Amino acid sequence: MSKDKSSGVFNDLDKEMEKSTDERFLRLEEDGDKAIVFFAGVPFTRYVYWDGQQTQDWYEGCGQRKTLRGG
């Protein structure tokens, strides 16, 4: 029986950080290290609703309560 390895954004992140030289990652070396950072760009926001299994894009007249999501 094989284990199901979930896929996601953080899989193998440590390997990507090790080989990265473009400074997209910030590494804090010691406990208590701090950094002040900001995210540039326009956030992607949209209205969605939960259909019982996943989120769907909300539209006028769908009969669902809308929730604002950002990404």
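Condition check ((1) at pLDDT 90 or above; (2) surrounded by fewer than 10 Cβ atoms within 10 Å (Cβ to Cβ); (3) in a loop (DSSP other than H, G, I, E, B); (4) of a type in the set (Ser, Thr, Tyr)) across all residues:
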| site | (1), (2), (3), (4) |
| --- | --- |
| 5 | no, yes, yes, no |
| 10 | no, yes, yes, no |
| 15 | no, yes, no, no |
| 24 | no, yes, yes, no |
| 52 | yes, yes, yes, no |
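Would you confirm whether or not region 28-38 contains a residue that is in contact with a strand residue (DSSP E or B) (Cβ under 8 Å, 6 or more places away or on another chain) and at pLDDT 65 or above?
Taking region 28-38 and keeping what is in contact with a strand residue (DSSP E or B) (Cβ under 8 Å, 6 or more places away or on another chain), we get none.
No: region 28-38 contains no residue that is in contact with a strand residue (DSSP E or B) (Cβ under 8 Å, 6 or more places away or on another chain) and at pLDDT 65 or above.
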Residue pairs qualifying under the 8 Å Cβ cut-off, at least six apart or on distinct chains, with the first in region 57-71 being charged (D, E, K, R) and the second being assigned to a loop (DSSP other than H, G, I, E, B), are 66/58
For region 54-71, how many residues meet the condition of being loosely packed, with under 11 Cβ neighbours inside 10 Å and either within 30 Å of residue 26 (Cβ to Cβ) or of a type in the set (Lys, Arg) (or both)? 4
If residue 46 satisfies every condition in (1) open to solvent by less than 100 Å² (accessible area, probe 1.4 Å); (2) modelled with pLDDT under 90 but one, which is the exception? (2)
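The values are calculated or read from the model by the stated rules, or taken from the named source; none is laboratory data. Everything quoted here is computed from the prediction, not taken from an experiment. So basically every Cβ, Gly included, is an ideal-geometry build from the backbone, and we count neighbours across all protein chains shown. Note: accessible area is taken over every heavy atom of the protein model, side chains too, but ligands, DNA and RNA are not part of it. Shrake-Rupley method; radii C 1.70, N 1.55, O 1.52, S 1.80 Å.
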